[in-house]
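Here is the structure we will look at.
The values are calculated or read from the model by the stated rules, or taken from the named source; none is laboratory data. Just so it is clear, the structure is predicted and the values come from calculations on it, not from any experiment. Virtual Cβ from ideal backbone geometry, glycine too; neighbours counted across all protein chains shown.
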Amino acid sequence: AQTVTQSQPEMSVQEAETVTLSCTYDTSESDYYLFWYKQPPSRQMILVIRQEAYKQQNATENRFSVNFQKAAKSFSLKISDSQLGDAAMYFCAYRSANTGNQFYFGTGTSLTVIP
Amino acid sequence: DTAVSQTPKYLVTQMGNDKSIKCEQNLGHDTMYWYKQDSKKFLKIMFSYNNKELIINETVPNRFSPKSPDKAHLNLHINSLELGDSAVYFCASSQGWNTDTQYFGPGTRLTVL
């Protein structure tokens, strides 16, 4: 099975600053998808951003962007101009494009935003 | 309108009881899932149904039985609840079997006493 590793259990950032959350994954496949999900205290899992492995261009969604390094199997999330509402657990996830629709999640990074 | 809904949001019960969690999606999706999130926040898939057919059944005790009466619903029934079943259970759905984006419900926090 594929594994997804988030090595930072907790991170903090000052409001309006930028923070980067790390994610690495292990796979032998060449075609897959990567995701970042946000889980606020309400517990709902909210899709933040997705990246197709075949695309070299890094995905961007407003203040959220990724640094996708396929050779290094790295997929970090950058949050710019951090807001109080960004405080949440962030999960990195992997899904194969060929062998089924099963998601593999990392253990999460708890992000605190300091006013 | 909530896209993926679960009931109840909280469930507190005694060991040995049988309980059900309901999930409904109004997105017209063909595929639905159940995930378990343990106390360490690790999220792991339990089951997946596509067009009411079971397609993923991870190593889960057979006390857990999913039921899909139609494409919009995937309920989770748990028999003989144990302390280790305490967790947050998430329902999710996606457009199809091979669709990458999954939409999650708000979760059900199950506490077994």
note = In the set A:Phe75, A:Phe105, the lone residue that is crowded, with 18+ Cβ neighbours inside 10 Å, within 22 Å of B:Phe42 (Cβ to Cβ) and away from chain B (no Cβ under 11 Å) is A:Phe75
ask   = Just checking, how many residues over region A:53-67 are within 14 Å of A:Ser30 (Cβ to Cβ) and without any contact (Cβ under 8 Å) to a residue 40 or more places away in the chain?
value = 3
request  = Could you run through region A:78-102 and say how many residues are buried (at least 19 other Cβ atoms within 10 Å of the Cβ) and part of a strand (DSSP E or B)?
outcome  = 10
request  = Look at region A:28-46 and say how many of its residues are free of Cβ contacts under 8 Å to residues at least 40 places away in the same chain and away from chain B (no Cβ under 11 Å).
outcome  = 2
ask   = In region B:15-47, what residues are outside any strand (DSSP E or B) and among the aliphatic types (A, V, I, L, M)?
value = B:Met15, B:Leu27
request  = Considering every residue within region A:3-17, establish whether at least one is part of a loop (DSSP other than H, G, I, E, B), surrounded by 13 or more Cβ atoms within 10 Å (Cβ to Cβ) and in contact with a Gly (Cβ under 8 Å, 6 or more places away or on another chain).
outcome  = yes
query = Considering only residues of region A:78-102 that are under 10 Å from the mean Cα position of the chain (by Cα) and of a type outside the set (Lys, Arg), which is nearest to the other protein chains (Cβ to nearest Cβ)?
reply = A:Phe91
message = I'd like to check something: does region B:19-26 contain any residue that is surrounded by fewer than 20 Cβ atoms within 10 Å (Cβ to Cβ), in contact (Cβ under 8 Å) with a residue 24 or more places away in the chain, out of contact with any Leu (no Cβ under 8 Å at 6 or more places or on another chain) and within 14 Å of chain A (Cβ to nearest Cβ)?
response = no
key: Condition check for B:Leu11: surrounded by 15 or more Cβ atoms within 10 Å (Cβ to Cβ), of a type in the set (A, V, I, L, M, F, W, C), within 14 Å of another protein chain (Cβ to nearest Cβ) and under 28 Å from A:Pro41 (Cα atoms)   = yes
task = Exactly one condition in (1) surrounded by 12 or more Cβ atoms within 10 Å (Cβ to Cβ); (2) at pLDDT 90 or above; (3) within 11 Å of chain A (Cβ to nearest Cβ) is not met by B:Lys44; state its number.
result = (2)
